[in-house]
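Here's the structure we're looking at; comments come further down.
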Amino acid sequence: MIKTTCIGAYPKPSFVELPDWFNAAESTVTSEPTQHWAEAISRMGAHAEDIIARGVAEVVSDQEVAGLDILTDGEVARENYIHYHCRHLKGIDFSTLTERSLRNDAYVARLPTIVASVTARDLFLAQDWKRAQRYTEKPVKMTMPGPMTIGDTTADAFYDDPKKRGQDLADALNKEVLDLAQAGCRHIQIDEPLFARKPEEALDFGFENLERAFHKCPKDVVRTVHMCCGYPDRLDSVDYPKADPNSYLMIAEAIEDSCIDAISLEDAHRHNDLKLLDHFEKTTVIFGVVAIATSAIESVDAIEARLRAAMGHIDSDRLIAAPDCGLGMLGRERARQKLTNMCEAVRRIG
């Protein structure tokens, strides 16, 4: 039986008044992806945790009602999937924001700056997981950004070597991985979209650092990695830049040979040659069948057809249906409908 999941981000309930790069006025390629989060938390005052917890409860309920098997906390507390985590690391300065060109000089953003050796400061994800898990009996998956992706979305004023930077980041992430596992979390996801955008670097040192991040992770924890091909600047944007369509093929063998139990690949926005799935003989594939940047809602029939086509290349017990990436851009009503249709398509397959 095919299972279903989300990737991470989900539209924030309106009463959670935190900045979110999905809804930034400039678009997701905002020049200020992280600056105002601390101010917003401060405005919430003593009620901040209660407000966030209420938001998480609603997001968990949305996913459960839609019929998902593996839920997420919706990343409700985060301004984006990267910098929220970086706030809990030593060596990354959020008071010093440095301008840096991103996405092949497509835009300039003011980013937190790596000013010293990066290490874990305070462990926090287990607490975030517990906050979400108490609202459901279904498993909640916890997400964190990967070493390459953090390195690409910060300004580095300390390291001369991206591999060494990645090693230190991986060691810091590993402390969160092990703490989550000890707390009882059985689905841990590291987000590395940079693997699709920079497959040569992924093969050179990215996979090695990913292994460091999951080092000694218990075998009963599903080690998941998400590799999308890039967000657009806004909903229904046309012809926005994506990773090379051959990237997945370039790294498929390395994925299969790694410690990764489940790999999340996008397919809804831009279909893959399904022969890609033939490369995965032991790895579970979380297969994107819902587009996250298109307002059009996929029909149950269309989702079912794509899943059945995928089943010609991979066993159903190693296939998980999901959106391409986080749903934050869609709004809650559209996100709920897309997830509901996806779960209905899976039920039809049986």
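The values are calculated or read from the model by the stated rules, or taken from the named source; none is laboratory data. Just so it is clear, the structure is predicted and the values come from calculations on it, not from any experiment. Glycine also receives a Cβ, built like all others from the backbone with ideal geometry; neighbour counts cover every protein chain displayed.
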- prompt: Could you say whether any residue in segment 268-276 is over 19 Å from residue 225 (Cα atoms), basic (Lys, Arg), without any contact (Cβ under 8 Å) to a residue 40 or more places away in the chain and not in a strand (DSSP E or B)?
  reply: yes
- prompt: What number of residues within segment 232-260 are among the hydroxyl-bearing types (Ser, Thr, Tyr) and under 24 Å from residue 277 (Cβ atoms)?
  reply: 3
Of all residues making up segment 233-266, the number that are in a loop (DSSP other than H, G, I, E, B) and polar (S, T, N, Q): 3
Every residue from segment 193-223 that is over 13 Å from residue 258 (Cα atoms) and assigned to a loop (DSSP other than H, G, I, E, B): 193, 198, 216, 217, 218, 219, 220, 221
query: Quick one: residue 92 ticks every box in (1) out of contact with any Leu (no Cβ under 6 Å at 6 or more places or on another chain); (2) surrounded by fewer than 22 Cβ atoms within 10 Å (Cβ to Cβ) bar one, so which box is it?
result: (2)
- request: Show the residue pairs that are 6+ apart or on different chains and have beta-carbon atoms under 6 Å apart, the first residue being within segment 127-139 and touching a residue at least 60 places away in the same chain (Cβ under 8 Å) and of a type in the set (A, V, I, L, M, F, W, C), the second being buried (at least 19 other Cβ atoms within 10 Å of the Cβ) and part of a loop (DSSP other than H, G, I, E, B).
  value: 132/73
message: For the list (1) buried (at least 23 other Cβ atoms within 10 Å of the Cβ); (2) over 25 Å from residue 132 (Cβ atoms); (3) not aliphatic (A, V, I, L, M), I need the number of the one condition that residue 232 fails.
response: (1)
- line: Of 14, 31, the only residue that is surrounded by fewer than 18 Cβ atoms within 10 Å (Cβ to Cβ), without any contact (Cβ under 8 Å) to a residue 40 or more places away in the chain, of a type outside the set (Asp, Glu) and under 26 Å from residue 236 (Cβ atoms) is 14
statement: Of the listed residues (150, 190), the one being in contact with a helix residue (DSSP H, G or I) (Cβ under 7 Å, 6 or more places away or on another chain), part of a strand (DSSP E or B) and within 22 Å of residue 230 (Cβ to Cβ) is 190
message: Conditions first: (1) assigned to a loop (DSSP other than H, G, I, E, B); (2) crowded, with 21+ Cβ neighbours inside 10 Å. Residue 297 passes all but one, so which condition is the exception?
response: (2)
task: Please name all residue pairs, on different chains or six or more residues apart, with Cβ atoms under 8 Å, provided the first residue is in segment 162-183 and is under 26 Å from residue 198 (Cα atoms) and the second residue is part of a helix (DSSP H, G or I) and β-branched (Val, Ile, Thr).
output: 169/150
- request: Look at residue 312 and say whether it is at pLDDT below 95 and either part of a helix (DSSP H, G or I) or not acidic (Asp, Glu) (or both).
  value: no
message: Condition check: assigned to a strand (DSSP E or B) and in contact (Cβ under 8 Å) with a residue 40 or more places away in the chain. Does residue 158 satisfy that?
response: no
task: Run residue 215 past the list (1) touching a Cys at 6+ places or on another chain (Cβ under 9 Å); (2) within 15 Å of residue 324 (Cβ to Cβ); (3) surrounded by fewer than 16 Cβ atoms within 10 Å (Cβ to Cβ); (4) of a type outside the set (Asp, Glu) and report the number of the one that doesn't hold.
output: (2)
query: Condition test on residue 154, is it within 20 Å of residue 76 (Cα to Cα) and of a type in the set (Val, Ile, Thr)?
result: no
- prompt: Could you list, in sequence order, the residues of segment 231-250 that are free of Cβ contacts under 8 Å to residues at least 60 places away in the same chain and under 20 Å from the mean Cα position of the chain (by Cα)?
  reply: 240, 242, 243, 244, 245, 247, 248
- prompt: Can you name the residue in segment 44-89 that is surrounded by fewer than 22 Cβ atoms within 10 Å (Cβ to Cβ) and among the hydroxyl-bearing types (Ser, Thr, Tyr) and is also nearest to residue 193 (Cα to Cα) among such residues?
  reply: 84
message: What's the number of the only condition in (1) at pLDDT 95 or above; (2) outside any loop (DSSP other than H, G, I, E, B); (3) among the hydroxyl-bearing types (Ser, Thr, Tyr) that residue 135 fails to meet?
response: (2)
field: Extreme residue, modelled with the lowest pLDDT, among residues of segment 245-278 that are surrounded by fewer than 16 Cβ atoms within 10 Å (Cβ to Cβ) and either in contact with a Cys (Cβ under 6 Å, 6 or more places away or on another chain) or under 18 Å from residue 207 (Cβ atoms) (or both)
entry: 246
